[in-house]
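Okay, structure first, notes after.
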Protein chains: 2
Amino acid sequence: MRMAAKDLRVSHSTVSRRIEALEGKLGARLFDRLPEGYKLTPAGIDLLPISQELRSQVDAYSLKVLGRDTELEGQICVTMPDVIAVEVMMPYIAEFQSLYPAITVRIDDSYEVYDLNRREADIAFRFTNEPPEHLIGRRVATAYEAVYGHKDYVTQHDPNAQTSTARWVGWGLPEDNPEWITNSPFPNLKMACHLNNPLLQKQAVTRQMGLGYLPCAIMDNEPDLVRLTDPTPVRDVWVLTHRDLRDTARLRVFREFIFSKAAELTVRFRGT
Amino acid sequence: MRMAAKDLRVSHSTVSRRIEALEGKLGARLFDRLPEGYKLTPAGIDLLPISQELRSQVDAYSLKVLGRDTELEGQICVTMPDVIAVEVMMPYIAEFQSLYPAITVRIDDSYEVYDLNRREADIAFRFTNEPPEHLIGRRVATAYEAVYGHKDYVTQHDPNAQTSTARWVGWGLPEDNPEWITNSPFPNLKMACHLNNPLLQKQAVTRQMGLGYLPCAIMDNEPDLVRLTDPTPVRDVWVLTHRDLRDTARLRVFREFIFSKAAELTVRFRGT
DNA sequence: TCATACTGGTGCATATATGCACCAGTGGGA
DNA sequence: TCCCACTGGTGCATATATGCACCAGTATGA
């Protein structure tokens, strides 16, 4: 019993009490206490192969589970605004996938506040200055925005002119005198159209329908667009997950991959 | 997780912590915590048959060991409806204990169908006309019921009157036009209250809140109560145990003791 | 015969598990 | 929309398990 205690890394008194407790529950003695040590009773002898089998099954499962957790395979679900998915992240997703071909990345392109509590997604990209406290993650960049216009459009419609014919490409209705216009250098321009989606807004600006106040990360890759103001930090970009998922291997490597791109993303979101 | 805690007879917070501790040891999540409850993960699904098999092996061994036990000492666990425990059986339990002071009797007063396979109880008192086939035992009495009322109450509220003001003490909601009222001599009386527990119903009848249709075994010992109908046999009283435990000495002597009281119990349950 | 090295058992202080009471969140029904 | 009945989670007091230090008994070797 003293040697068993050493194997189990507990005190011999603990082993003694555990055996006594088990015997009480079973209503049977498992060992005779002899001066030379514990000796199995017939009931104890019967229990021996059973307990060995139980132990084997538990160990096998434990190994299986441990193996699975470290396996880099399976699906991960990432939610992010579609504009970010299309304009910024697809090259990175592709690179990650080539690095870990057994991992399937599913992008849920949405602005909706997905509930990570409900496993609607495993990882969320969030543009916020106040990330939810129940999620864990890291800020990977700060999103900057600026006023953009097509180079030909701003030549024909000088927004600085006294009675400028330039117009805004705006967001959804109703949006009278929004702050981003009031605080811009061209607060008196009229609205050309209202579009809910930054991708559509980028298309509109590119097609010379007006000026847009949009993220640098999505606008700077269009050579015909020119920036009319200096970039301004608007909100942080977070990569978040639920704390219960922090040890899941494939999620961890994905997050670490994204974190390894933080320098590039910082530059990208700040504008060049 | 809350229902599991009830089954295990521990606090739900204990179950929560045990699961968390097990997940920590395994390094794997066994459950997703959703707002509507715990949901097995793939690792948890894999563990389910293993843990069920482990449990079966432990229970089988436990039954085998207990079945072999020849000593007249230790604990026996008896489950019976609390109303029967309180009103009928306590004197017999006390007598048994004085006969076998080395045996500890634990009464689980419950109506729930205990799982004798799982050692949730060793002996069960059951009021049924169809005892489970996998249990062995003997019918020790037949329970008779009758309509009772307080003698003063039935003087003031003649239930036979044309427009009687007497009322029923009934069971839990919803219970519209139950058979036991429809088939009684006073089917048109109104309900005074709804009570789930025969002990409470007895109290209500004794306190002149109404009439009750209740077992003679619990009502005849109250001198102020009068019987308004002849007793009717309702169901049999069985004393049951698991077949693997039929040779366990202390369970055997307990059952034999109860069987030796069958004549008394028969009279008691029939009403006097 | 005595000293030493083992054994199993236990009192007591401490570490850990548990239950209680409460919290916040969610869904359904009125 | 609000109330109620559920869910999972947690702080704190208490119950229980554990480790330490010690005990008594036994066997062996000098």
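The values are calculated or read from the model by the stated rules, or taken from the named source; none is laboratory data. Being a predicted model, the structure only gives us computed values, none of them experimental. Neighbour counts run over all protein chains shown; Cβ positions are idealised from the backbone, glycine included. Heads up: the accessible areas ignore ligands, DNA and RNA and are worked out on the full protein's heavy atoms, side chains in. Shrake-Rupley method; radii C 1.70, N 1.55, O 1.52, S 1.80 Å.
All of (1) surrounded by fewer than 16 Cβ atoms within 10 Å (Cβ to Cβ); (2) in contact with a helix residue (DSSP H, G or I) (Cβ under 6 Å, 6 or more places away or on another chain) hold for residue B:248 with one exception: (1). The C-beta contact set for region B:59-74 (first residue facing chain A (nearest Cβ under 7 Å) and under 18 Å from residue B:101 (Cβ atoms), second residue of a type in the set (D, E, K, R) and surrounded by 18 or more Cβ atoms within 10 Å (Cβ to Cβ), distance under 9 angstrom, 6+ apart or interchain) comprises B:69/B:250; B:74/B:250. Of the residues making up region A:208-226, not a single one is within 28 Å of residue A:77 (Cβ to Cβ), in contact with a Cys (Cβ under 8 Å, 6 or more places away or on another chain) and open to solvent by less than 30 Å² (accessible area, probe 1.4 Å).
Of A:142, A:182, all but one fail to be surrounded by fewer than 20 Cβ atoms within 10 Å (Cβ to Cβ) and at pLDDT below 85; the exception is A:182. Which of the residues belonging to region A:201-256 are outside any strand (DSSP E or B), among the polar types (S, T, N, Q) and either within 14 Å of another protein chain (Cβ to nearest Cβ) or under 23 Å from the mean Cα position of the chain (by Cα) (or both)? Residue satisfying the conditions is A:248 alone.
The test for being over 21 Å from residue A:83 (Cα atoms) and in contact (Cβ under 8 Å) with a residue 24 or more places away in the chain does not hold for residue A:268.
So for region B:241-255 (the condition being over 30 Å from residue A:27 (Cβ atoms) and among the β-branched types (Val, Ile, Thr)), does at least one residue qualify? Looking through region B:241-255, none of the residues is over 30 Å from residue A:27 (Cβ atoms) and among the β-branched types (Val, Ile, Thr). Of the residues making up region B:27-75, those that are among the aromatic types (Phe, Trp, Tyr) and within 16 Å of DNA strand D (Cβ to nearest atom) number 2.
Only one of the listed residues (B:99, B:63, B:72) is under 30 Å from residue B:240 (Cα atoms) and buried (at least 16 other Cβ atoms within 10 Å of the Cβ). That residue is B:63. Selection of first residues in region B:7-19 that are touching a residue at least 12 places away in the same chain (Cβ under 8 Å) and of second residues that are more than 8 Å from DNA strand C (Cβ to nearest atom) and small (Gly, Ala, Ser), restricted to Cβ pairs under 7 Å at least 6 apart or on distinct chains, gives the following pairs, ordered by first then second residue: B:15/B:4. Put simply, of A:36, A:23, A:53 the only residue that is within 14 Å of chain B (Cβ to nearest Cβ) and open to solvent by 80 Å² or more (accessible area, probe 1.4 Å) is A:53.
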